[in-house]
Ligand code: GLA
């Protein structure tokens, strides 16, 4: 078991005494509904069975000691619950510290220090939400160890708050929500305007979800994520001059076409078009799945990628190569980039008998064009956070 080796490391570094808890929070993949969650639209993500393991213990003093098996070269990183502020030289501890800070902001002050060891088997910076996984995991640990009265949905909101306010990334609610509310075998159809959600079973008869990781690293903070978000905000303000809506997600395609000239800049018009059409595509995709029409679901995934490539411009040569090569493989039902983009991963639905060919052919074409290899993961949809021991 993975967690047992994380526990061993904890004992080796910090001793075996006292009450030690072992926890897990998943990563996530978004099936469709990209860059819609800060536009009041719908998303359709699911939690994975890969994620972050955490071993933790409360301390009597105020000290924080962190160690990650993914960043062993950084050694033990020390801090204090009394001095929670983002470090300029950002390291991964800004995520757990941000969540501790956010609990305090919400009236649940963390008064005691902690020792924490983490290990994640999600590739870092791959667009499978390793950071949101650490945030939800930290919240879950705090809830369990300090007895804070919070629901899993609260953990999602606190995680997002910490990412926005402590780490300076204006992300939407999708990642933290998908992780905190994950359900085995199901994706979450979430309306980000109201947080109303529904679990939809993902029954892929004779097909698998394959994640292709471009190995091009992406940092949300230094990417154009915040820029896209503000382009959409400006476009919304322009369109609100001619039609009364609270978000781009409230518009149908027809309404958008009728009023799009209110958006004065061509680039912004494309961004808004993506937000509107992608939201409608997500609604249609979930309907298709409910009717067991996986083929249509796949076509909508493909259309989502084209829109992210041409109108939203968040793909890049690595993700485009992975997707365009995937489309050539017989037995691929749908393929698109997933997450913020600019690097990271793609998600594909691939028929069982085509999975090996897919990995071989897409892998070879990618390496030939890009100059380094991609990684492939056949994934399962898992549950939200859990205490393992
Ligand atoms: C990142 C953000 C999410 C969402 C996606 C794009 O993963 O954290 O909130 O905006 O990008 O869909």
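All of the numbers you see were taken from the coordinates with simple rules; none came from a lab. The model shown is predicted, which means the values in this text are computed figures rather than measured ones.
Apply the a/c threshold of 1.5 to the C-alpha gyration tensor of the stretch 29-75 and tell me whether it is rounded, prolate or oblate. Intermediate results must be reported in sequence, preceding the final value.
On the way: a/c = 3.02, a/b = 2.31, b/c = 1.31.
Here the stretch 29-75 falls in the prolate category.
May I ask you to derive the relative contact order of the chain, considering only C-alpha pairs under 8 Å and at least 6 residues apart, and to give it as an integer percent? Numbers along the way, then the final one.
Details: 820 pairs, mean separation 91.1, N = 389.
23 percent.
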How far is helix 266-290 tilted, in degrees, relative to the longest principal axis of the Cα atoms in the chain, given as a value from 0 to 90 rounded to the nearest 10? 80
Of the residues 144, 91, 320, which exhibits the maximal mean-square fluctuation in a Gaussian network model of the chain defined by a 10 Å Cα contact cut-off? 91
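Per residue, how big is the convex hull of the chain when only Cα atoms are used? Give it in Å³.
Values: hull volume 54.1 nm³, N = 389.
Cα-based convex hull of the chain, divided per residue, equals 139 Å³.
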Any idea what the relative contact order of the stretch 241-389 is, in percent, if you count C-alpha pairs under 8 Å spaced at least 6 apart? 15
When DSSP assigns beta bridges and you keep just the ones with both residues in the chain, what percent turn out antiparallel, to the nearest 5? 90
What percentages, rounded to whole numbers, describe P(r) for the stretch 1-87 computed over all alpha carbon pairs with 10 Å bin width beginning at zero? 13, 33, 27, 20, 6
Mind pulling the angle between the C-alpha long axis of helix 94-105 and the longest principal axis of the chain? Nearest 10 degrees, somewhere in 0 to 90. 80
In terms of the alpha carbon gyration tensor, root eigenvalues a ≥ b ≥ c, rounded if a/c is under 1.5 and otherwise prolate when a/b exceeds b/c or oblate, the stretch 290-379 is oblate
Given contacts defined as C-alpha pairs under 8 Å and at least six residues apart, what's the relative contact order of the stretch 157-200, whole-number percent? 26
Taking the Cα atoms of the stretch 229-356 alone, what are Rg (to one decimal) and Dmax (as a whole number) in Å? 16.1, 53
Could you work out the mean projected area of the convex hull around the alpha carbons of the stretch 71-151, in square nanometres to one decimal? 5.9
How big is the gap, in Å, between the Cα center of the stretch 311-389 and the Cα center of the stretch 119-138? 18
For the stretch 1-148: Kirkwood Rh in Å [reciprocal of mean 1/r, alpha carbons]: 16.0
On Cα atoms only, tilt of 130-146 relative to the major axis of the chain in degrees: 40
I want to verify the translational diffusion coefficient of the stretch 237-288 in µm²/s; compute it with Stokes-Einstein, Rh as the Kirkwood radius over Cα pairs, at 20 °C and 1.002 mPa s. 191
Take the Cα atoms of the stretch 96-226, find their three principal axes, and give me the spread along each one in whole Å, biggest first. 51, 32, 31
Under the √(5λ) rule applied to the eigenvalues of the Cα gyration tensor, what semi-axes describe the equivalent ellipsoid of the stretch 110-155? Give them in Å, descending. 22, 14, 7
Which value in deg cm²/dmol, rounded to the nearest 500, describes the helix-derived mean residue ellipticity at 222 nm for the chain, given -39,500 (n - 2.57) per DSSP H run of n ≥ 4 and division by the residue count? -13000 deg cm²/dmol
